[in-house]
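Taking it in order: structure first as structure tokens, then the write-up.
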Amino acid sequence: MKIENEPRVWTREELLARASSGENGRNDEKGIFISFLGHFRHGSINVVELKKGIPGHCHVDHDEIIQVLEGEGTACVNGEEKYLRPGDLLFCPGGSYHSIHFPVKLLSIYLPTFDPQNPDRVFEQ
């Protein structure tokens, strides 16, 4: 994993296209496509397309900030459900279970830096 320190700018259109590309991981069966924009000194930024949403899971060692880029529907963080639209934001502190129940393209920021080779993701039983 390369740590980058260069300033970057992405347009909304670029984010949406990168989310659909799944250049850093595609799971066609689950409908999950992920593209990392960069790994930085204190965090990682990625864009994701979830064709079916994603079931409840947590990140033990990472906080996650999620912004909806495209799509709308219900999401849940630690049992609190909200209806989300483009521009809305979820904050998921480390250890909090969260799920998204609609097709969505999103921007995700992990703090601290996320290692895609050792994903910090635990699904609810």
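Run residue 113 past the list (1) within 20 Å of residue 10 (Cα to Cα); (2) touching a Phe, Trp or Tyr at 6+ places or on another chain (Cβ under 9 Å); (3) free of Cβ contacts under 8 Å to residues at least 60 places away in the same chain and report the number of the one that doesn't hold. Of the numbered conditions (1) within 20 Å of residue 10 (Cα to Cα); (2) touching a Phe, Trp or Tyr at 6+ places or on another chain (Cβ under 9 Å); (3) free of Cβ contacts under 8 Å to residues at least 60 places away in the same chain, the odd one out for residue 113 is (3). If you go through region 87-116 and keep only what is among the aromatic types (Phe, Trp, Tyr) and part of a strand (DSSP E or B), you end up with 91, 110.
Taking residues in region 59-77 that are at positive phi, and partners anywhere that are at pLDDT below 95 and among the aliphatic types (A, V, I, L, M), not one pair has Cβ atoms closer than 9 Å while being at least 6 places apart or on different chains. Taking (1) among the charged types (D, E, K, R); (2) surrounded by fewer than 17 Cβ atoms within 10 Å (Cβ to Cβ); (3) touching a residue at least 12 places away in the same chain (Cβ under 8 Å); (4) under 21 Å from residue 119 (Cα atoms) in turn, residue 85 satisfies each apart from (4).
Looking at region 12-32, is at least one residue outside any loop (DSSP other than H, G, I, E, B), loosely packed, with under 14 Cβ neighbours inside 10 Å and touching a residue at least 24 places away in the same chain (Cβ under 8 Å)? Yes: one or more hits.
Does residue 66 count as part of a strand (DSSP E or B), under 12 Å from the mean Cα position of the chain (by Cα) and farther than 19 Å from residue 3 by Cβ? When the stated conditions are applied, residue 66 passes them. Considering only residues in region 69-82 that are outside any strand (DSSP E or B) and small (Gly, Ala, Ser), the one that is surrounded by the fewest Cβ atoms within 10 Å (Cβ to Cβ) turns out to be 79. The set of residues in region 19-57 being of a type in the set (D, E, K, R), under 19 Å from residue 69 (Cβ atoms) and more than 10 Å from the chain's Cα centre (by Cα) consists of 23, 26, 51, 52.
The values are calculated or read from the model by the stated rules, or taken from the named source; none is laboratory data. All values reported here derive from a predicted model rather than from experimental measurement. Cβ: placed from backbone, ideal geometry, glycine included. Neighbour counts: every protein chain shown.
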